[in-house]
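Below: one structure, written as structure tokens.
The values are calculated or read from the model by the stated rules, or taken from the named source; none is laboratory data. On a predicted model such as this, the values are computed, not experimentally measured, just so you know. In this analysis, Cβ positions are derived from the backbone assuming ideal geometry, glycine residues included, and neighbour counts consider all displayed protein chains.
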Amino acid sequence: MGILTGTYKTKLDDKGRLSLPARLRNQISQEQVVVLPGIDGKYLIVVTPEYFTTEIQAKIASTPMAMLDETKRLFNRKFIATADFVDIDASGRINIPLQKREQFGLKNRGDALILGALDYIEIWSQEEYDKMISETESVTLSSLAQALSDKG
């Protein structure tokens, strides 16, 4: 998989399908993706099945006695168990499951944003994205870069 970048304005169609931009589709080069909730609960993330298996699922499952740890069980319920494997159709669209559309404010025929975030894709409702931008308006790119460099 290539590096996923860019911001793309789009709309969901009448059936809740979302067209993945050709540039991102070409980088993914898959027939299926996994749709999950974003960690902060404001957007969806899309990853390849391989990324889901090797980078997410395997790391959680490899933790000793994961099923005995309350935090890990809750994480599995809220994140892993909500994963939807979704086919990319011949037109490059994915069908966002109804429950996820409702939970994340993605309306049929509604505006959405697709963001490439290196190794995953974010899908935002336009309304929620605008709200996040407004709430983080005072945060500068310079301060974010400094915070990341401080972490090594």
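Here are the numbers:
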| read-out | value |
| --- | --- |
| Leading residue by the ranking (surrounded by the fewest Cβ atoms within 10 Å (Cβ to Cβ)) among those in the range 69-101 that are among the β-branched types (Val, Ile, Thr) and touching a strand residue (DSSP E or B) at 6+ places or on another chain (Cβ under 7 Å) | 82 |
| Residue list for the range 56-83, filter: among the charged types (D, E, K, R) and under 30 Å from residue 127 (Cβ atoms) | 77, 78 |
| Flag if residue 133 is hydrophobic (A, V, I, L, M, F, W, C) and surrounded by 15 or more Cβ atoms within 10 Å (Cβ to Cβ) | no |
| Scope the range 38-80; condition in a helix (DSSP H, G or I), within 28 Å of residue 131 (Cα to Cα) and either within 16 Å of the chain's Cα centre (by Cα) or of a type in the set (Phe, Trp, Tyr) (or both); matching residues | 75, 78, 80 |
| Of all residues in the range 21-35 being modelled with pLDDT under 95 and among the hydrophobic types (A, V, I, L, M, F, W, C), the one that is surrounded by the fewest Cβ atoms within 10 Å (Cβ to Cβ) | 22 |
| Residue 53 vs. criteria β-branched (Val, Ile, Thr) and under 28 Å from residue 110 (Cβ atoms) | no |
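Rundown of residues vs (1) of a type in the set (D, E, K, R); (2) assigned to a loop (DSSP other than H, G, I, E, B), yes/no style:
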{"residue": "86", "(1), (2)": "no, no"}
{"residue": "90", "(1), (2)": "no, yes"}
{"residue": "94", "(1), (2)": "no, no"}
{"residue": "101", "(1), (2)": "yes, no"}
{"residue": "109", "(1), (2)": "yes, yes"}
{"residue": "113", "(1), (2)": "no, no"}
{"residue": "124", "(1), (2)": "no, no"}
{"residue": "128", "(1), (2)": "yes, no"}
{"residue": "133", "(1), (2)": "no, no"}
